[in-house]
Amino acid sequence: MDDYKFLFKVVLIGEAGVGKTCLVRRFCQGVFPIGQAATIGVDFLIKNLEINGDKIKLQIWDTAGQERFRTITQSYYRSANAIIIVYDVSNQPSFDRLPEWLRELKQHINEKVVVILVGNKCDLTEGREIPYHIGESFAQRHNMKFIETSAKESANVEQIFQELSTTLLKQA
Ligand code: GDP
Ligand code: MG
């Protein structure tokens, strides 16, 4: 049955290769794609959640490779309720690019949009380049929630969506 009280559009951004598609597949389909993560091939996936008795439908938009060409358009952000900015904790350049992502974001969204910063691949203890506290303080400075995840080991992935849905419900 397709009844829900709230519909939220959630958009993922961040450098290519940080694990955006894997996070969405893990959350919506409960899998970690083996080998080359396939492009989802649709514009968005749907996931239903229930928080404190409220039925929520999340429409989750994953860039289908456009980020490689830096051609993410206005239409992609249109009517977004929440944005997830992802970097890879084992990849310094993906973290260093965050200010540019934020600059681009500011051109497209209003201040009501919930933004959450995600440091993905926290399972990679050996190859880690960005310590937790560095990600956390960057997020604080820019007024974002922060969470580290592993799409691979299914760590904290649900929490991203719980967190942003809870925040959206408070302002709904
Ligand atoms: P996207 O370009 O941001 O959509 O990134 P993908 O989801 O396609 O993932 C890029 C690569 O990172 C793939 O080889 C994934 O297997 C790998 N990957 C994604 N998430 C994780 C994770 O949590 N841990 C590890 N170790 N690898 C990951
Ligand atoms: Mg992808």
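Nothing in this text is a laboratory measurement; each read-out follows from the coordinates by a stated rule. Quantities reported herein were computed from a predicted structural model and do not represent experimental measurements.
Overview of values
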{"quantity": "Long-range amide H partners of Phe146 with built H, under 5 Å", "calculated": "Leu117"}
{"quantity": "Segment Leu7-Arg97, extension gain: residue separation times 0.36 nm, minus the distance between their alpha carbons", "calculated": "29.4 nm"}
{"quantity": "Note, ³J(HN,Hα) from phi for segment 63-77, Karplus 6.51, -1.76, 1.60, rounded to Hz, x at Gly and Pro", "calculated": "4, 7, x, 4, 4, 5, 9, 6, 10, 6, 9, 3, 5, 5, 7"}
{"quantity": "More than 15 Å apart - percent of Cα-Cα pairs taken over segment 91-172", "calculated": "62"}
{"quantity": "Segment 80-172: relative contact order as a whole-number percent, Cα under 8 Å and 6+ apart", "calculated": "32"}
{"quantity": "Computed over the chain: relative contact order in percent, which uses C-alpha pairs under 8 Å that are six or more apart", "calculated": "25"}
{"quantity": "For the chain: lysine pairs under 12 Å (alpha-carbon distance), excluding those fewer than 8 apart on one chain", "calculated": "10"}
{"quantity": "Reduced Cα scattering model of the chain, Debye log10 I(q)/I(0), q = 0.11 Å⁻¹", "calculated": "-0.42"}
{"quantity": "Percent breakdown of C-alpha pair distances by 10 Å bin, ordered from the shortest bin, for segment 1-94", "calculated": "15, 46, 30, 8, 0"}
